[in-house]
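Shown next, in structure tokens, is the structure this report addresses.
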């Protein structure tokens, strides 16, 4: 099953918990852990498990929704940081066959984190900052 097809058929309200895929496919095992608006697009981050845990390898997914439809975007950069500290990492996300962006990250400590995504769609550039909490 492809997440975009599910969203187009049923709308994002029904599939909020399954909009994000893991490397092996979509499913309710990838709950949304944060989202932010960037122009007309909602950027969502999902994780393979909850809660996000420090010092664990977390599988993260990105999805982009416009008018209740998953849209195709060009992601140029994804970073993760702790807003209260001077630490920032570039996340090595890759685009899978379904058009979702996948990546793994090991949060070094518990607390409030932020994922910043820079992307373009329809010739326009956007940036979104998505807050996350790590236990």
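Those residues that are surrounded by 14 or more Cβ atoms within 10 Å (Cβ to Cβ) and within 16 Å of the chain's Cα centre (by Cα), I need them from region 69-88; list them, please. Correct list: 70, 71, 73, 75, 78, 79, 80, 81.
Residues that are farther than 25 Å from residue 84 by Cβ and in contact (Cβ under 8 Å) with a residue 60 or more places away in the chain within region 99-125 comprise 99, 100, 102, 119, 121, 124, listed in sequence order. Among the conditions (1) touching a strand residue (DSSP E or B) at 6+ places or on another chain (Cβ under 6 Å); (2) more than 18 Å from residue 134 (Cβ to Cβ); (3) at pLDDT below 95; (4) surrounded by 13 or more Cβ atoms within 10 Å (Cβ to Cβ), the only one that residue 15 does not satisfy is (1). Buried (at least 16 other Cβ atoms within 10 Å of the Cβ), touching a strand residue (DSSP E or B) at 6+ places or on another chain (Cβ under 7 Å), modelled with pLDDT under 95 and under 18 Å from residue 30 (Cβ atoms): is that true of residue 115 in this structure? Judged against the criteria, residue 115 is not a match.
The values are calculated or read from the model by the stated rules, or taken from the named source; none is laboratory data. None of the values given here were measured: they were computed from a predicted structure. Neighbour counts run over all protein chains shown; Cβ positions are idealised from the backbone, glycine included.
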